[in-house]
Amino acid sequence: METFDVLVIGGGPAGYVAAIRASQLGLKTACVDAFTRDGKPSLGGTCLNVGCIPSKAMLDSSEKFEMITHEATEHGIQVQGATVDLSKTLARKKGVVDKLTSGIAYLFKKNKVTSYYGLGQLLRQDGDAWIVSVSQEGAADTEVKAKNVIVATGSNPRELPLAPFGGNVVENSGALAFEQVPGKLGVIGAGVIGLELGSVWRRLGAQVTILEAMPSFLAAADDAVAKEALKQFQKQGLNFHFGVNISRVEQTSAGVSVTYAENGQETTAQFDKLIISIGRVPNTGGLGAQNVGLALDERGFVKVDPHYRTNLSGVYAIGDVIGGAMLAHKAEEEGVALAEMIAGQAGHVNYDVIPWVIYTSPEIAWAGLTEKAAKERGLNVRTGQFPFSANGRALGHGDPRGFVKVIADAQTDKILGVHMIGPNVSELIGETVAVMEFGGSSEDLGRTIHAHPTLSEVVKEAALAVEKHAIHM
């Protein structure tokens with residue numbers, strides 16, 4: 001039986017990053033992963049295989065089609081009869097995913113991480129180590145021993161009891177693999193996944209209706225950003241219904257019928273396809289948690305302390321399976337931090353400045369507190385806001401939608417939060433996170449030289465606007 005210093009169960013962003021970092025730190029490391037795509041083992045978990053990466057590939061393809069069919073004429077470019085060959089779009093998406101997932105296998109070899117394919121299950125303790133079985137269908141189980149075990153098994157899409165997955169009712173992976181554009185597409189859930197996937201198929205020609213149980217839109221975002229986002233999405237043709245109560249979902253020969261109540265009125269809508277995007281649940285199936293006494297909370301997440309230690313000596317957990325922000329970059333940072341802790345270093349994750357991004361058009365990004373949340377904490381704040389419509393690069397690019405908003409403490413000027421909606425804000429948010437990591441002020445950000453003409457100047461001007469010193473407004 002081979003013995004390792006660290007054995008990671010799960011090869012998604014939390015797991016593969018933890019494995020690589022542990023090996024870099026001189027620990028003999030292995031990773032067990034059971035994810036398959038197209039019938040073959042595929043590292044990278046949900047994010048690389050059926051989540052973050054393929055969705056961004058599809059978003060980019062659909063944005064290009066939208067540009068050609070609706071925006072090119074503004075630039076003097078005439079295109080007649082543009083169509084989408086969906087098979088090629090899907091093949092391109094697959095190529096992107098193949099390259100990145102095979103890249104992880106290469107990184108494992110480069111960093112001397114032993115890779116096992118199969119389902120990892122905690123069996124028993126053996127002295128100061130754990131025995132983990134690796135099982136796969138049609139083969140005998142393999143047992144390996146490790147002094148430290150990291151559970152990084154991720155999460156699965158939450159199923160709506162009224163509408164189990166199957167047929168024309170799909171989750172994120174199914175919604176990325178439609179072989180033809182649905183005429184009418186229903187989406188249950190107006191969160192990140194629902195908005196992104198709804199945007200993809202709306203651009204490619206589907207009529208998209210989004211049903212949301214909550215009465216408000218994007219409650220986690222700043223109110224000003226949520227209001228602007230809803231206006232832009234409705235202008236694009238996304239049809240939203242809030243505060244709905246779904247009572248019945250039936251698959252029919254014509255597709256899927258959804259019966260719901262809104263403002264006391266019951267409606268039945270017919271869709272060709274229905275996407276369920278109502279959140280994710282921890283994936284602990286097959287882990288052997290009950291057999292070894294691994295503590296889970298009431299929602300099924302693995303319980304950990306601030307150092308990612310579970311109730312079992314030598315067993316840790318990170319990523320989606322412990323809850324919190326279900327974001328790949330949060331999971332990756334936890335993987336690095338934990339590997340460093342196991343190696344005796346001081347790993348750390350600053351959860352107060354984790355960036356959030358929604359890759360719609362316009363993009364949405366934020367980090368830190370919203371204005372409302374800051375005031376609820378009793379903080380006295382000042383805000384500065386600057387629109388992309390006053391930015392030369394945004395105008396030249398042809399996308400002046402949205403703004404950047406900076407929230408700072410009125411006494412210390414420390415940046416408490418930054419919220420953006422507009423072109424390429426997924427890239428702009430990184431600068432503000434760096435400043436916030438160092439406890440920077442709005443003046444620090446506003447006095448930093450930004451190249452001209454760039455979209456990043458909107459960030460600078462928004463920071464200057466906190467002190468009412470914006471130059472170009």
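Taken along its principal axes, the alpha carbon cloud of the stretch 330-376 reaches lengths of 41, 30, 9 Å, longest axis first. Per residue, the chain exposes 46 Å² of accessible surface when a 1.4 Å probe is rolled over the protein heavy atoms with every protein chain present. For the set Lys110/Lys147; Lys94/Lys460; Lys64/Lys99; Lys94/Lys184, the pairs lying more than 32 angstrom apart at their alpha carbons are Lys94/Lys460. Spacing of the modelled spin labels on Glu298 and Ala410, each 7 Å from Cα toward Cβ, amounts to 3.8 nm.
Left without a cysteine partner by the 4.7 Å Cβ rule in the chain: Cys31.
If both residues of a DSSP beta bridge must be in the chain, then about 65% of such bridges are antiparallel. Per-residue extension of 0.36 nm, minus the Cα-Cα distance of Thr3 and Arg447, leaves a gain of 154.4 nm for this segment. The Asp98 and His329 beta-carbon pair, evaluated with R₀ = 22 Å, returns a calculated FRET efficiency of approximately 0.50. Here the stretch 391-410 and the stretch 207-270 have alpha carbon centers that stand 28 Å from each other. Take 286-292, 52-58, 78-84, 313-319 and order them by the average number of nearby Cβ atoms within 10 Å per residue, most first; the result is 313-319, 52-58, 286-292, 78-84. Using the Cβ of Arg382 as centre and a radius below 14 Å, the other residues enclosed give a net charge of -1, where K and R count +1 and D and E count -1. Rounded to the nearest whole angstrom, the semi-axes of the ellipsoid equivalent to the stretch 170-294, taken from the Cα gyration tensor as √(5λ), stand at 26, 20, 17, largest first. Bridgeable aspartates and glutamates around Lys227 (alpha carbons under 19 Å apart, same-chain partners fewer than 8 residues away excluded): Glu196, Glu212, Glu363, Glu371, Asp399. Restricting everything to alpha-carbon atoms, can you work out Rg to Rh for the stretch 1-94 with a Kirkwood hydrodynamic radius? With Rh from the inverse mean 1/r over Cα pairs, Rg/Rh is 1.25.
Here, P(r) means the percent of Cα pairs in each 5 Å bin from 0 to the largest distance; for the stretch 191-253 it is 4, 15, 25, 26, 17, 9, 3, 1, 0. Using 5 Å bins from zero, what percent of all Cα-Cα pairs in the stretch 289-330 falls into each bin? Per 5 Å bin, starting at zero, the Cα-Cα P(r) for the stretch 289-330 comes out as 5, 24, 32, 24, 10, 4, 0 percent. The loop-placed chymotrypsin sites (Phe, Trp or Tyr not before Pro) in the stretch 238-306, going by DSSP, include none that has at most 14 neighbouring Cβ atoms within 10 Å of its Cβ. If you wrap the Cα atoms of the stretch 178-220 in a convex hull and average its projected area over all directions, you get 3.0 nm². A straight line joining the Cα centroids of the stretch 97-120 and the stretch 14-39 runs 7 Å.
Could you order the peptides 166-173, 404-411 from most to least packed, using the average number of other C-beta atoms within 10 Å per residue? Mind showing how you got there, number by number?
On the way: 166-173: 18.0, 404-411: 21.9.
Going by the mean number of other Cβ atoms within 10 Å, highest first, we get 404-411, 166-173.
Computed extension gain for Glu266 through Leu86, at 0.36 nm per residue and net of the alpha carbon distance, reaches 61.2 nm. Counting protein heavy atoms only, the chain has 50 percent of its accessible area on carbon and sulfur, 1.4 angstrom probe.
Within the chain, the proportion of Cα pairs with more than 35 Å between them is 39 percent. The share of alpha-carbon pairs in the stretch 222-363 lying farther apart than 20 Å comes to 67%. Annotation note: chymotrypsin sites (Phe, Trp or Tyr not before Pro) in the stretch 324-384 located in DSSP loop regions with a Cβ neighbour count of at most 14 within 10 Å are absent.
Within the stretch 296-441, the proportion of Cα pairs with more than 19 Å between them is 61 percent.
The label point for Phe242 and the one for His469, both projected 7 Å from the Cα toward the Cβ, are 3.7 nm apart.
The values are calculated or read from the model by the stated rules, or taken from the named source; none is laboratory data. This one's a predicted model, so the numbers in the text were calculated from it and none came from an experiment. Every residue, glycine among them, receives a Cβ derived from its backbone with ideal geometry; neighbour counts consider all protein chains shown. To get the accessible areas, we keep the full protein, side chains included, count just its heavy atoms, and leave off ligands, DNA and RNA. Shrake-Rupley method; radii C 1.70, N 1.55, O 1.52, S 1.80 Å.
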